[in-house]
Amino acid sequence: MDRKTFIKSIAVIGASPAFAASVPAKGADGKNKTKSESFGGGFVPSARIFKTGRAKLTIRPPEKYAGKLSSLSVSILYGDAAWDGKSDSFSWAKDFPVKYREENGAFAIDADFKKECRYTFVVKDKKRGGNESFVASVPVYALGEDIYALRPFKGDSHIHSTNSDGKNSPEEVALRCYEVGLDYQAISDHSVYSTSEDMKRKFSRFPTSMSFFNAEECHYSHAHIQNFGGSQSLTEYVKKNRGEFDALVAEIEKTLPADASAVVRRNVAVAEAEFDFIRRLGGIAVFNHPFWEAEPKKGKYTHMESRMLDLIAGRKKFDAYELVNSTCADIALARALCHYPRHCAGKPVIGCTDAHSVDSQGTGYTIVFAKSCDFPDIKDAVLGGKSLAVDAYSSHGSKLQRLAFGDERLVRFSYFLFDEYFPLHDELVAREGKLIKGALESGSKDYSEIAEAARAVEGLYESMLG
Ligand SMILES: [Zn+2]
Ligand SMILES: [Zn+2]
């Protein structure tokens, strides 16, 4: 089955258990699946995610091997996965025998996934030797129970539209989020909250897999602060409660070092008051792009004085640090990677594009490991440190690289997802977006195809769970 037919077939099958059985394996060339390559091999499953510990894994070869299972063997590629740290058998790029039996035309393996890491089962043709004998591989990731219970959701909570200084309309921005394979989006215009509300309303008629969250980038301080998911506009809320806000700022100023300048003290206090008010509104308070460099014709300058920046970071009053802002210059990420561990290591991280044009969307995002893609669960997960900031780097060159930052366990797992889950996930989300775009253009009220496409997105991850 070529990739196009495959994508079509899973969109129809949706989240049914039969879907899992239709996922073909990684090609015999062993290369990672990319957008331009078709899946090959036909081994089922193509990839699996298990809980650590003992598990049963069944690998079903494609039709052409029916009745010829004895000509194949299954082994396991050892690495960190199997090394006990005592024996001297550690050897990279070498695979070792694994115990299996044949059951109903498939290999039944009793596996013991002792460590949380990637495992690779290798299928070989016993009649052929050397490199020629490689037929297919089935990558498996074993996860601790805490992460196994969660699902990865990809989102961008910092994007601009024509309602502030963005180049594209809110609708174009919202549809572009589908094209780049996101699970949630939050358009955050400068001091404007209503764009995110409008898009949430506009798309609510569709049975979509995408979550629409509210957001706004706030500008009472030199520091740009994100109201991510708050129940109303912080900009408006402060206007209505100015006395209370100013009193809070004055209180905070008293706690700041006396040797800092009045401007620094004022701006740090205002930023912290914003964090406090965003939390009152139920949102996540994000310290945006600490090292953004504006580039007017006259030269470059950072938008925040360094003492101000260090104080905001070091006092850790925000909920999350925007570690990746993929439209900032490289230096912003480089400096943030030095600054974050020194001043606020362990604080939750966010990745986003801050796109002002649809061309930049998809180049940065957050992966949140959450129970669901509803805001309360996303918020719990971010506050609990279950998020990764990802720079997808496509704006910096033709080669797509993904740099993920955050908790090491999650970072490690995310690279399995980049190989085995997100390529397919992203295509399914894009397909759903195309159908929604079509419905918006035609005014059609038949959303059945959209519902099926959304179910395919929602069922994909579950279909990989062992
Ligand atoms: Zn900004
Ligand atoms: Zn922005």
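For the range 151-420, just the Cα set please: Rg and Dmax, both in angstrom.
Computed over the Cα atoms of the range 151-420, radius of gyration and Dmax are 17.6, 56 Å.
Using r as the Cβ-Cβ distance of Lys239 and Asp330, and R0 as 45 Å, what FRET efficiency do you calculate, to the nearest 0.05?
0.75
Run the numbers for Asp276 and Leu465: contour at 0.36 nm per residue of separation, minus the present Cα-Cα distance, in nm.
Roughly 64.1 nm would be gained on extension.
Treating the beta-carbon of each Lys and Arg as +1 and of each Asp and Glu as -1, no other charges, what is the dipole magnitude of the chain about its Cα centre, to the nearest 20 debye?
Value, rounded to 20: 1160 debye.
Give the long-range amide H neighbours of Trp292: residues separated by 5 or more places, or on another chain, with amide H under 5 Å away, using H modelled in the peptide plane at 1.01 Å from N.
His303
So who's got an amide H within less than 5 Å of the one on Tyr141, skipping anything under 5 residues away but keeping other chains? H placed 1.01 Å off N, in plane.
So Tyr141 has HN proximity to Arg48, Ile49, Phe50, Tyr119.
With both partners inside the chain, how many of the DSSP beta bridges are antiparallel, as a percent to the nearest 5?
Bridges in the chain that DSSP calls antiparallel: roughly 75 percent.
Check cross-link reach from Lys434 to the aspartates and glutamates: straight Cα distance under 14 Å, and skip same-chain residues fewer than eight apart.
Excluding near neighbours in sequence, the set is Glu171, Glu172, Glu179, Asp426, Glu449, Glu452.
Pulled fully out, how much extra length does the chain show between Ser306 and Arg128, if you take 0.36 nm times their separation in residues and subtract their Cα-Cα distance?
This chain segment gains 57.7 nm when fully extended.
Which aspartates and glutamates have a Cα less than 17 Å from the Cα of Lys99, not counting those fewer than 8 places away in the same chain?
Result set, ordered by chain and number: Asp110, Asp112, Asp125.
Pop out the Kirkwood hydrodynamic radius of the range 237-289 from its pairwise C-alpha distances, inverse of mean 1/r, in Å to one decimal.
When all Cα pairs of the range 237-289 are included, the Kirkwood radius is 11.6 Å.
Students often get this wrong, so check it: of Lys51/Lys124; Lys154/Lys371; Lys347/Lys386; Lys154/Lys202; Lys379/Lys437; Lys239/Lys347, which have C-alpha atoms separated by over 18 Å?
Too far apart for the 18 Å limit: Lys51/Lys124; Lys154/Lys202; Lys379/Lys437; Lys239/Lys347.
Below 8 Å, C-alpha to C-alpha, sequence gap of six or more: please give me the relative contact order for the chain in percent.
Reported relative contact order: 17 percent.
All of the numbers you see were taken from the coordinates with simple rules; none came from a lab. As the structure is a prediction and not an experimental result, all values here were calculated from the model. Counting neighbours? That spans all protein chains shown, and the Cβs are built from the backbone with ideal geometry, glycine included.
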